[in-house]
Amino acid sequence: MDTLLYAVCAVAGWFAFGYMLRLQLQQPSQVRGAICVALGAFAAGITLAIPPLATGIDEASGLPNLAKVISHGCAMTIASSAEHMLLHLALPPAKAAARSRLWVWVTSGAFLAMVGLFAYTLAYDTPVLLTVEYARDPAVTSYLLIFMVVGFFAYCTDITRLCWRFARICGRPWLRRGLRITAVGAAFALLYSTNKIAYLIAYWSGYQPTGEREIAAVLVTISALLMMIGLTMPAWGPILTITRRWDDFRSYQRLEPLWRDLVNALPDLELDASLRRRLGAVRDIDYALTRRAAEICDGCLALRPYMDLRVTALAEQHADRAGLTADERRATIEAAHLACALRAHQQSLVAAVPLPPDDLHRPSGGYAGEIAWLTLVSSIYARSLVVAQTLADSRRLPVQKSALGDSHR
């Protein structure tokens, strides 16, 4: 079973490494470079850990445990690279660099000690394996303890802590999800090391429990897959949102008729003229849609003094004859108010019977609900016959002049 699990992890590791390496070559960054090193070390290490391949390397070299030592060195490189990435995400550059150097020195020293212990075992008349079954040998015990404590406990504890800490303040959704998944993967790595140490103590105490290799293989597989998914998720995760981004762009376009008229009447509403170009909006549709919705809301607020309660009665009459649904009826009345208010603003005519503040609909559902409501209002504003009829009928309503109109010109 461990052969199959390690082989699956190796294939996944090389695929993830190739994917991230391509991104790193296209857009180099320190964080992405650290991820590439981690994934490359993982792919190489887990490949060397496949039992038939490890046995073949040991026999070909004549050095028992050679593949295992190299694999363990790769595991420590993974942890060091992941720590480097997280430090540069969570800390200022100078402090992150100092902490990273410290971890590199600690890791290097620990691995050199492990290599020394490995070299010491080569002098034995009877070869030993660097596994828990040989825990009664002091060199094997020391080797495994250094590997577990430095390679897993110290690193994975810090990785888990940094991931959860940075995920709480991270503004990018896919990075936040990736950090949390990485934290869970690091927690499984802690379970792996705990399992190893428990078996190490058991064998040192004279017991001979079984199943350690199978348990270790399962825990390593879960940990490795979760950490690979978490580390690469910020790169491929946004691809999954392409459908939502298209929906956002459609909403952005549907808001244009109402937004355009509001901005033309109240130029101060527009804070980012670059969003008039569709390419600029597509590059950051989340910002563009939020900005457009906010400007519409600000425009509605600025037009409140020009919204007349009598328009509601006119719009309701035409809406009743049109047989609209409840939501369409509410949106049509609001669109009619905006159309009439825009004309009144142009003519500097405030409402003779001001619309009460609570008369306009307040959508539920948070941000998504507000976007859905505004797009409906904008679409009706642009094409509704009821709005056109209400606008025509409102011309016969008594009006009064005010200086308010001049202040918004």
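The values are calculated or read from the model by the stated rules, or taken from the named source; none is laboratory data. Keep in mind it's a predicted model, so treat the numbers as computed, not measured. Reconstructed Cβ throughout: ideal geometry from the backbone, glycine too, with neighbour counts over all protein chains shown. Each accessible area value is taken on the protein alone, full model and side chains, heavy atoms only, with ligands, DNA and RNA left out. Shrake-Rupley method; radii C 1.70, N 1.55, O 1.52, S 1.80 Å.
See the values below:
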quantity	calculated
Extreme residue, modelled with the lowest pLDDT, among residues of segment 135-154 that are assigned to a helix (DSSP H, G or I) and touching a Phe, Trp or Tyr at 6+ places or on another chain (Cβ under 8 Å)	Phe152
Residues located in segment 58-88, provided they are part of a helix (DSSP H, G or I), open to solvent by 50 Å² or more (accessible area, probe 1.4 Å) and hydrophobic (A, V, I, L, M, F, W, C)	Ala60, Ile70
Cross-chain or 6+ apart pairs with Cβ under 6 Å, segment 361-378 first and surrounded by fewer than 19 Cβ atoms within 10 Å (Cβ to Cβ), then outside any loop (DSSP other than H, G, I, E, B) and among the aromatic types (Phe, Trp, Tyr)	Pro363/Trp373
Ala331 vs. criteria within 22 Å of Ala265 (Cβ to Cβ) and surrounded by 14 or more Cβ atoms within 10 Å (Cβ to Cβ)	yes
Segment 121-138, residues that are surrounded by 15 or more Cβ atoms within 10 Å (Cβ to Cβ) and either in contact with a Cys (Cβ under 9 Å, 6 or more places away or on another chain) or farther than 18 Å from Ser193 by Cα (or both)	Thr121, Val128, Asp137
Single match in Thr194, Thr160, Thr221 (criterion: over 25 Å from Gln26 (Cβ atoms), open to solvent by 60 Å² or more (accessible area, probe 1.4 Å), touching a helix residue (DSSP H, G or I) at 6+ places or on another chain (Cβ under 9 Å) and part of a helix (DSSP H, G or I))	Thr194
Only listed residue being under 24 Å from Thr47 (Cβ atoms), within 15 Å of the chain's Cα centre (by Cα) and open to solvent by less than 50 Å² (accessible area, probe 1.4 Å), chosen from Gly185, Gly151, Gly237, Gly230	Gly230
Cβ pairs under 7 Å, 6+ apart, first in segment 1-29 and more than 11 Å from Ala49 (Cβ to Cβ), second open to solvent by 40 Å² or more (accessible area, probe 1.4 Å) and among the acidic types (Asp, Glu)	Met1/Glu214
Matching entry among Pro209, Pro173 (being within 19 Å of the chain's Cα centre (by Cα) and open to solvent by 20 Å² or more (accessible area, probe 1.4 Å))	Pro173
Residue identified as modelled with pLDDT under 85 and out of contact with any Ser or Thr (no Cβ under 8 Å at 6 or more places or on another chain) among Ala79, Ala96	Ala96
Candidates Asp298, Asp308, filtered to the one that is acidic (Asp, Glu) and under 16 Å from Ala392 (Cβ atoms)	Asp308
